[in-house]
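The values are calculated or read from the model by the stated rules, or taken from the named source; none is laboratory data. Keep in mind the model is a prediction, meaning the values are calculated, not measured. Neighbour counts are summed over all protein chains in view; Cβ atoms, including those assigned to glycine, are modelled from backbone coordinates with ideal geometry. These area figures cover heavy atoms from the full protein model, side chains too; ligands, DNA and RNA do not enter into them. Shrake-Rupley method; radii C 1.70, N 1.55, O 1.52, S 1.80 Å.
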Amino acid sequence: MTPSSTSALTTHTKTDWRRTHTCGELRKPEVGSRVTLNGWVHARRDHGGVYFVDLRDRYGITQVVLGPELSDAVKLGPEFTISVSGRVVAREPHNVNPNRPTGEIDVVADRLEILSRSNTPPFPIDADEEVSFETRLKYRYMDLRRPAMQKNFIHRSRFIHAMRRAFERQNFVEVETPILTKATPEGARDFLVPSRVHPGEFYALPQSPQLFKQILMVAGMDRYYQVARCFRDEDLRADRQLEFTQLDMEMSFVEEDDIFRTWEQVLHETFRDAMGLDVAIPFPRMSWKEAMERFGVDKPDLRYGLELVDLADWARTCEFAVFKDTIARGERVMGIRVPAQHPLTRKEIDGLEEQAKSTGAKGLAWWKPTAEGGSGPLSKFTTGAAGLALRARLGAQDGDTVLCVAGKQSLVWRVLGDLRVALGKKFDLAKGEWRFTWVTSFPMFEFDETEKRWFSAHHPFTAPVDWSMGGEAPDLSTLVSRAYDLVLNGWELGSGSVRIHRSDVQQKVFSILGIGPEEQKQKFGFLLEALSFGAPPHAGFAIGLDRLCAMSLGMDNIRDIVAFPKTASAACLMTDAPSPVAPEQLAEVHIRSVVPPSIQQPS
RNA sequence: GGGGACGUAGCUCAAUUGGUUAGAGUACCGGCCUGUCACGCCGGUGGUUGCGGGUUCGAGUCCCGUCGUCCUCGCCA
């Protein structure tokens, strides 16, 4: 196996170069053994007569000692790939390196072979200093050599393996679904793949395996899961890539509770097996309505209080015309009590008001209660009984700060929800424990003001709580769906729903979304037909694995847990994808570019 | 698509108000050194200041455009 092309570089070409141990495993018990190590030259220290090499592989770093006969014969550079053989020796006590697991031994080499040379690395592999993402992504194979990065991907592998094991224990079956599939009208922008065989027709990459997993339920698979790659052609973010991985699952003959218990068990076992963590189960559950009323958002961070308080009763009878009129119009007045232990200066409150206005509020009414009545814009209206009533409503004490917003319900929720998050961040409350929660009973539909039509809040295959969907002329804004999210510390980890297993209900939902009978047949005919062949009641869920793995390592950017991520402009700096293709290649798939040649070659 | 920040040596950064030959650390190359592990010491190479244009006696610095990276809003059923 010794490559003859490198034999000129070697000292003992007849010897087998393959390793007997990794660079992370030699300890005192191996002292005296003859070993061969393979790895990368991590660092060199030349002391004239004695030459030290830190040899690195995935498992660790072992110090190799070369005498002058070897170090003079073979010239090493950083990141050369080498094979060394020699004897394991114990270090003198004063030479032990306590910072390394292998620090009690050396390998004294009598054979050294260069398996592969390296150009000067674009950046040091043992860097303490941050290297720009641009450079790291261009030389991703060098970046991935860094022990910290290898740790991330080993963790990811262990984590997903533990999750797969947990599903297998519960009798789930992993089934692969197509990557080349059918474009869907709703949802994110599709990636399209032109068909060579069918001129003018296109496949789409799946945004998720949604319809296939439902079809698998119709097929009687009963319990399906998959580590599934999903594709959405939307703009990228720190926590969003064009292609991402979901742990996708679906179950038959179940309701919400079964999904929740299954996932609680899976996550408990995953964190236990992959990380030795004891995640408390079951997770608390709250309705979407409760989440919005208490936290102003549908992904509440439960690690701190600062909950929203409804002030309608107080505002209805107060002397502050703005609040009174707001309630009279049927809108909302709500507040947050910031306890005295987190005092806010006038300047800080002004900053919060500015933030509130930037997210749509007309103003931020505040009050600092004191025995004399207090200060702030609201203090005029809080004298005597009115002040006592407001205190009672909020549980407010002297020294607290009360922040109030009035307006339409959606605006009040959004503004106070944002303020709450900002305050949590400001007072450094968003830290520590892992607080999972299920959020259930989302609205079925949302009205889009721009397009003037109804959209599914989750997706069009989500079952309504009321199968009759409110009868003949339903108020769509009040219909409740059986969709649910899993939320962790203010992040949406995943979502799912009980599905529609009745063809008639599915058709009704499509109609509400403005998808007529003809389009239904063309786009979703296979689903409607499948639902007409004895579809079992079923429900499912999917969780974003990139985010979950990042989060489990305390990272807020998924690029360090994705091996080959794309930049914010959706480019791969290593391969230079996307890139132009030859005209012949386009012709073969019946495509002609309408982009002027002048802007086709940016680089 | 909008807003913001940034772009100087292989890497990480500096360069006063627009003013001499654009510097430092590190890496790399050469030399010395037998116990280092961020080795040390001596010497050296290395620059289209992202790119294009403009203002100016003079531009890394100011202006316009463009490309790229990051953050963010829109978007992400």
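Shown is the FRET efficiency for A:Arg346 and A:Thr15, computed with R0 = 56 Å from the Cβ-Cβ distance and rounded to the nearest 0.05: 0.10.
Among the aspartates and glutamates, which fall within straight-line cross-link reach of A:Lys289, defined as a Cα-Cα distance under 15 Å, with same-chain neighbours fewer than 8 residues apart omitted? Here the aspartates and glutamates satisfying the reach criterion relative to A:Lys289 are A:Asp298, A:Glu307, A:Asp310, A:Glu446, A:Asp485.
Over chain A, what is the relative contact order in percent, taking alpha-carbon pairs closer than 8 angstrom and at least six residues apart?
Numbers: 1104 pairs, mean separation 75.3, N = 603.
Averaging sequence separation for qualifying contacts and normalising by length gives 12 percent for chain A.
In the context of the full set of protein chains, residues of region A:476-546 present 35 Å² of accessible surface per residue (probe radius 1.4 Å, heavy atoms only).
The listed residues A:Tyr224, A:Tyr51, A:Tyr59 rank as A:Tyr59, A:Tyr51, A:Tyr224 when sorted by accessible area, largest first, using a 1.4 Å probe.
Here the label points at A:Val465 and A:Thr575, each 7 Å from Cα along the C-beta direction, are separated by 4.7 nm in the simple model. Full extension of the chain between A:Thr81 and A:Ala422 gives 117.8 nm of extra length, using 0.36 nm per residue less the Cα-Cα distance. Our coupling estimate for region A:263-274, obtained by passing each phi through the Karplus curve with A = 6.51, B = -1.76, C = 1.60 and θ = phi - 60°, is 5, 4, 5, 4, 5, 4, 5, 5, 5, 5, 6, 8 Hz, Gly and Pro reported as x. Cross-link pairs exceeding 29 Å in C-alpha to C-alpha distance, out of A:Lys151/A:Lys213; A:Lys182/A:Lys452; A:Lys299/A:Lys362; A:Lys299/A:Lys523; A:Lys324/A:Lys452; A:Lys452/A:Lys508, comprise A:Lys151/A:Lys213; A:Lys299/A:Lys523; A:Lys324/A:Lys452. The charge dipole of region A:196-264, taken about its Cα centre with unit charges on the Cβ atoms of Lys, Arg (+1), Asp and Glu (-1) only, comes to about 380 debye. On the principal axes of its alpha carbon atoms, region A:372-525 extends 70, 38, 27 Å, with the longest extent given first. Figure note: A:Asp546, A:Asp475, A:Asp72, A:Asp298 ranked by solvent-accessible area, largest first, 1.4 Å probe, ligands and nucleic acids not counted: A:Asp72, A:Asp475, A:Asp298, A:Asp546.
Once every DSSP H run of n ≥ 4 in chain A is given -39500 (n - 2.57) and the sum is divided by its residues, what mean residue ellipticity at 222 nm do you get, rounded to the nearest 500 deg cm²/dmol? Helices in chain A give a 222 nm mean residue ellipticity of -8500 deg cm²/dmol. Overall, region A:36-193 carries a charge dipole of about 460 debye about its Cα centre when +1 sits on the Cβ of Lys and Arg and -1 on the Cβ of Asp and Glu, all other atoms neutral. Compute the acute angle (0 to 90°) between the alpha-carbon long axis of helix A:503-512 and the principal axis of greatest extent of the alpha-carbon atoms of chain A; round to the nearest 10°. Relative to chain A, helix A:503-512 is tipped by roughly 70 degrees. The percentage of C-alpha pairs in chain A whose separation is greater than 34 Å is 60%. Taking a straight line from the alpha carbon of A:Lys138, these lysines sit under 20 Å away, with near neighbours fewer than eight places off in the same chain left out: A:Lys566.
The Rg/Rh ratio of region A:21-131, with both radii computed over alpha carbons and Rh defined as the Kirkwood radius, is 0.95.
Counting only C-alpha contacts under 8 Å and six or more residues apart, can you give the relative contact order of region A:4-149 as a whole percent? Once divided by the residue count of region A:4-149, the mean separation gives 25 percent.
Run the paramagnetic zone check for A:Ala90: 7 angstrom along Cα to Cβ, then residues of region A:28-60 with backbone nitrogen under 15 Å. Label zone hits: A:28-33. Restricting the GluC sites (Glu not before Pro) of region A:412-454 to loop positions (DSSP other than H, G, I, E, B) with no more than 11 neighbouring Cβ atoms within 10 Å leaves A:Glu433, A:Glu449, A:Glu451. In percent, rounded to a whole number, the relative contact order of region A:246-350 is 15, using alpha-carbon pairs under 8 Å and six or more apart. Let a ≥ b ≥ c be the square roots of the eigenvalues of the Cα gyration tensor of region A:239-316; is it rounded (a/c under 1.5), or, if not, prolate (a/b larger than b/c) or oblate? It comes out prolate by the Cα gyration axes. Name the shape class, rounded, prolate or oblate, that the alpha-carbon gyration tensor gives for region A:480-535, where a ≥ b ≥ c are the square roots of its eigenvalues, rounded holds for a/c under 1.5, and otherwise prolate holds if a/b is larger than b/c and oblate otherwise. Prolate is the answer for region A:480-535, as a/c is 1.5 or above and a/b outweighs b/c. Taking every pair of alpha-carbon atoms in region A:285-338, give the share separated by more than 18 Å as a whole percent. The share of Cα pairs beyond 18 Å in region A:285-338 comes to 41 percent.
Computed over protein heavy atoms with a 1.4 Å probe, the carbon and sulfur contribution to the accessible area of chain A reaches 52%. Going by a ≥ b ≥ c, the root eigenvalues of the Cα gyration tensor, does region A:493-603 fall in the rounded group (a/c under 1.5), the prolate group (a/b larger than b/c) or the oblate group? Note, shape of region A:493-603 comes out oblate. Placing a label point 7 Å from the Cα of A:Arg189 along the Cα-to-Cβ direction, the residues of region A:555-574 whose backbone N falls under 17 Å from that point are A:566-572.
Gain on full extension, evaluated as 0.36 nm per residue between A:Glu174 and A:Thr359 minus their Cα-Cα distance, stands at 62.2 nm.
The accessible area of A:Val31, taken with all protein chains in place and a 1.4 Å probe, comes to roughly 60 Å².
Largest accessible area first, the residues A:Val594, A:Val589 order themselves as A:Val594, A:Val589 under a 1.4 Å probe with ligands, DNA and RNA left out. The modelled label-to-label distance for the pair A:Val594/A:Phe253, using points 7 Å beyond Cα in the direction of Cβ, is 5.3 nm. Around A:Met555, under 13 Å between beta carbons, what's the net of Lys plus Arg minus Asp minus Glu among the other residues? Net charge in that neighbourhood comes out at 0. Axis angle, to the nearest 10 degrees, between helix A:409-426 and the longest C-alpha principal axis of chain A: 40 degrees. When only the Cβ of Lys, Arg, Asp and Glu is charged (+1, +1, -1, -1), the dipole of region A:497-603 relative to its Cα centre reaches about 320 debye. How high is the FRET efficiency from A:Asp325 to A:Ala587, r the C-beta distance, R0 56 Å, rounded to 0.05? Between A:Asp325 and A:Ala587 the formula returns 0.25.
A crude spin-label estimate for the pair A:Asp278 and A:Glu433, with each label 7 Å from Cα along the Cβ direction, gives 1.4 nm.
Projecting the Cα atoms of A:Leu267, A:Gly351, A:Ala365 onto the dipole axis of region A:267-382, where Lys and Arg carry +1 and Asp and Glu carry -1 at the beta carbon, places A:Ala365 farthest toward the positive end.
Counted by Cβ distance under 15 Å from A:Val581, the other residues give a net charge of -1, where Lys and Arg count +1 and Asp and Glu count -1. With the cut-off at under 13 Å, measuring from each backbone N in region A:186-200 to a point 7 Å along the Cα-to-Cβ line of A:Glu519 picks out A:186-187.
If you roll a 1.4 Å probe over the heavy atoms of the protein chains, what accessible area per residue do you get for region A:325-375, in Å²?
On the way: 2690 Å² over 51 residues.
Solvent-accessible surface per residue comes out at 53 Å².
Counted residue by residue at 0.36 nm each, then reduced by the alpha carbon distance between them, the extension gain from A:Arg196 to A:Lys380 reaches 58.8 nm.
Nearest 0.05, what FRET efficiency do A:Glu290 and A:Asn119 give at R0 = 56 Å with Cβ-Cβ as r? According to the calculation, E is roughly 0.40.
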